[in-house]
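The values are calculated or read from the model by the stated rules, or taken from the named source; none is laboratory data. Please read these numbers as outputs of a predicted model, since none were measured by experiment. Heads up, the Cβs are rebuilt from the backbone with ideal geometry, glycines too, and the neighbour counts pull from every protein chain shown.
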Amino acid sequence: MNRIALEYSEIVSGAATDFSLVGRKRRNLLLVFQVNCPGCFLYALPIAAGLHRDLIHADVRILGLSTAFEDFEWNTLENTRALIQEGRLVGETEKAFAMQDIRALPFALDFPVAFDSLRPSSDFSDEDFRAIAEAQPGYHTLPLSRRPGFIARVREHYQRQELLPATFTKNALAGTPSWIVYDAAGNILHSEFGHPRDIQVLADALLTPDDTAAGGQ
């Protein structure tokens, strides 16, 4: 079972304890999004806000992580602050809502939100790239003889990029929105990319008793 790698440069709303690897809730749902991602705002963030509202009294925590793996001029800490503090929309997200004559975020983000840690690719170690490779779908089905070459290709791919979002990269996420459910020990219980196939699956992953939870991604 993989463990979550959770790094951030700033907590935009909430407290350090919300994102701490110590003293966490029994179950946690992390929604990774970009501010220049219309689908994140039209579908994913409303779902997360609804789960936060519906499960407010459960021993779970809903968290948001704004990241940037593309469109770095839009996906910034400053625009994330403006989103949380003013409801300001930017880029393609702003255009998508403007088509509906909506000029600001039309729902509340009451759960904690942090911004991913953007780091030079040179900061990532060989162990980091090995872990990223091992988290890729299909890695464990590769013959042992092919795994070193796969790890090398992963390392070369990421090293060509100047900056890498640490949480997004280390968890080998495919894009935004991405969902990660993890327990109090940091074990990933469920993860998926895009619009949830079934919102109830997320709710069940959050509420299933620990001794019957299914691991994996």
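For segment 8-40, name all the residues that are among the basic types (Lys, Arg) and out of contact with any Gly (no Cβ under 9 Å at 6 or more places or on another chain).
25, 26, 27
Quick one: in segment 41-81, which of the residues that are touching a Phe, Trp or Tyr at 6+ places or on another chain (Cβ under 6 Å) and part of a loop (DSSP other than H, G, I, E, B) is farthest from residue 94 (Cα to Cα)?
69
Exactly one of these conditions fails for residue 66: (1) at pLDDT below 95; (2) under 26 Å from residue 131 (Cβ atoms); (3) under 18 Å from the mean Cα position of the chain (by Cα). Give me its number.
(1)
Suppose we keep only residues that are assigned to a loop (DSSP other than H, G, I, E, B) and of a type in the set (S, T, N, Q) within segment 170-189. Which one would you say is nearest to residue 203 (Cα to Cα)?
Filtering first and then ranking leaves 176.
What number goes with the only condition from (1) surrounded by fewer than 18 Cβ atoms within 10 Å (Cβ to Cβ); (2) modelled with pLDDT of 95 or more; (3) not β-branched (Val, Ile, Thr) that residue 108 does not pass?
Only one criterion is unmet by residue 108, namely (2).
Assess whether residue 68 counts as being out of contact with any Gly (no Cβ under 6 Å at 6 or more places or on another chain), in contact (Cβ under 8 Å) with a residue 12 or more places away in the chain, among the small types (Gly, Ala, Ser) and surrounded by 21 or more Cβ atoms within 10 Å (Cβ to Cβ).
yes
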